[in-house]
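> Let me begin by handing over the structure; questions about it come next.
The values are calculated or read from the model by the stated rules, or taken from the named source; none is laboratory data. Note that this is a predicted model, so its numbers are computed, not measured. Cβ: placed from backbone, ideal geometry, glycine included. Neighbour counts: every protein chain shown. To get the accessible areas, we keep the full protein, side chains included, count just its heavy atoms, and leave off ligands, DNA and RNA. Shrake-Rupley method; radii C 1.70, N 1.55, O 1.52, S 1.80 Å.
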Protein chains: 2
Amino acid sequence: MKNTQASTAASRGPADHEVRNQIVAAATEHFSLYGYEKTTVSDLAKAIGFSKAYIYKFFESKQAIGEMICANCLLEIENDVRAAVDEAEGAPEKLRRMFKTIVKSSLRLFFQDRKLYEIAASAAGERWAATVAYEQRIQGLLRDILQQGRLNGDFERKTPLDETAKAIYLVLHPYLHPLILQYNFDNTEEAPAHLSSLVLRSLAP
Amino acid sequence: MKNTQASTAASRGPADHEVRNQIVAAATEHFSLYGYEKTTVSDLAKAIGFSKAYIYKFFESKQAIGEMICANCLLEIENDVRAAVDEAEGAPEKLRRMFKTIVKSSLRLFFQDRKLYEIAASAAGERWAATVAYEQRIQGLLRDILQQGRLNGDFERKTPLDETAKAIYLVLHPYLHPLILQYNFDNTEEAPAHLSSLVLRSLAP
């Protein structure tokens, strides 16, 4: 997300970058009041006080705006997760924190104020680029923790790393996908601890 | 399901039992053509050639009919799973088969002919009794396999059985819940093998 913003800003100049952020902020507000699906770019233009043509200079479609809102939201979850992981000592505890924080932060951002759920749900359901990139970064973070644990002797090394990483990501996936997460509400309190304990037993050297 | 049918048959007599089955068969056919949500009991009565009052003698609501169709469908999945588990030698292989068959059989019954998806989705989303009972039976089967593996020394015994069973069920749950399963289509080919391998590593003595 940061990269996209940076490169766009570089090609259009900093003023454009500010206008884009202004549109995104206003759109976030508007979508949260009237819903993402129901709002058109015309509605948005009227609400912000820009012309439709002016908005199209910065975003090629409503989805492009939604994608940026979504990317910001996913980045916020990722930052929460990275902060929790960085704070923890040792790979096993980092893995526990990863499970716990992904569930907690996803619940907060997708559901607590309900604001972003509709956009995040479209993004996940239609596999928007922001979702795909987010999932890849989470997979990368998971691999880093696994590698660290293997190096320190906390985790077994017999199973190919790819296989371990893939299987653990499959366990985690239902809790970071907003459309699936809504069917896991009954489990969100206990699941992170149970699942990370199971995963840690599977990683025992 | 069988128990409900048996006790109902006992209190109403075998003829009633046959009428109930006849209504369920006709309703399954009708729902598959016109959809469960859109069909009313009046539509159903007209299509079957019974009066609405006659149908209400046997089922108190459309949901009661849907619940029986759903129960039949879940029973079919369960029978597939039990057959696959019974066929396998040893607890580890039984567990592998359980994962594999639940995914395969759920995909077939919920999605392949699309017939039952809508009913199964309502049942899972609204936690109908048939779904709750099915999930409990699958949990029971899982516990049986775990206990057998513990007795034979295939599985570790340090972790409390309740905890192990709960965690593994959480891993399995996204693949037996029709509303979640639809977001896992990309994974259904590989996931059962990856997840059961991870679970078996976690169970190593």
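> Charges at C-beta only: +1 for Lys and Arg, -1 for Asp and Glu. How large is the resulting dipole of chain B about its Cα centre, in Debye rounded to 20?
Roughly 280 debye for chain B.
> Distances from residue A:18 to the same position in the other copies: list them in nm, one decimal, shortest first, using label points 7 Å from Cα along Cα→Cβ.
Nearest to farthest, the other copies are at 8.4 nm.
> Note down the relative contact order for chain A as a percent, whole number, built from C-alpha pairs under 8 angstrom at least six residues apart.
After rounding, I find 21 percent.
> Show me the ranking of peptides B:156-167, B:134-145 by mean Cβ neighbours inside 10 Å, starting with the highest.
Ranked from most to least packed, the peptides come out as B:134-145, B:156-167.
> How much length is gained on full extension from residue B:79 to residue B:37, taking 0.36 nm per residue of separation minus their Cα-Cα distance?
12.4 nm
> What angle, in degrees between 0 and 90 and rounded to the nearest 10, separates the Cα long axis of helix B:14-34 from the longest principal axis of the Cα atoms of chain B?
80
> Set the Förster distance to 45 Å, then compute FRET efficiency between residue A:186 and residue A:60 from the Cβ-Cβ distance, nearest 0.05.
My answer for the efficiency is 0.65.
> Also, I was wondering about something else. With a 1.4 Å probe and every protein chain kept in, tell me what percent of the accessible surface of segment B:67-203 is carbon plus sulfur.
So the carbon and sulfur contribution to the accessible surface is 47 percent.
> How much length is gained if the chain between residue B:53 and residue B:87 is pulled fully straight, taking 0.36 nm per residue apart and subtracting their Cα-Cα distance, in nm to one decimal?
Between residue B:53 and residue B:87, full extension yields an extra 7.6 nm.
> Under 8 Å for C-alpha pairs, at least 6 residues apart: give me the relative contact order for segment B:31-144, rounded to a whole percent.
30
> Which distances in nm, rounded to one decimal and ordered from shortest, link the label point of residue B:82 to the equivalent label points in the other identical copies, with labels set 7 Å from Cα toward Cβ?
5.2
> Also: Say a label goes 7 Å from Cα toward Cβ at residue B:182 in every copy; what distances in nm does this one have to the rest, shortest first?
Its label point is 1.1 nm from the equivalent points in the other copies.
> Right, another one. On C-alpha positions alone, give me the angle between the axis of helix A:62-87 and the longest principal axis of chain A, in degrees, nearest 10.
With both axes taken from Cα atoms, the answer is about 30 degrees.
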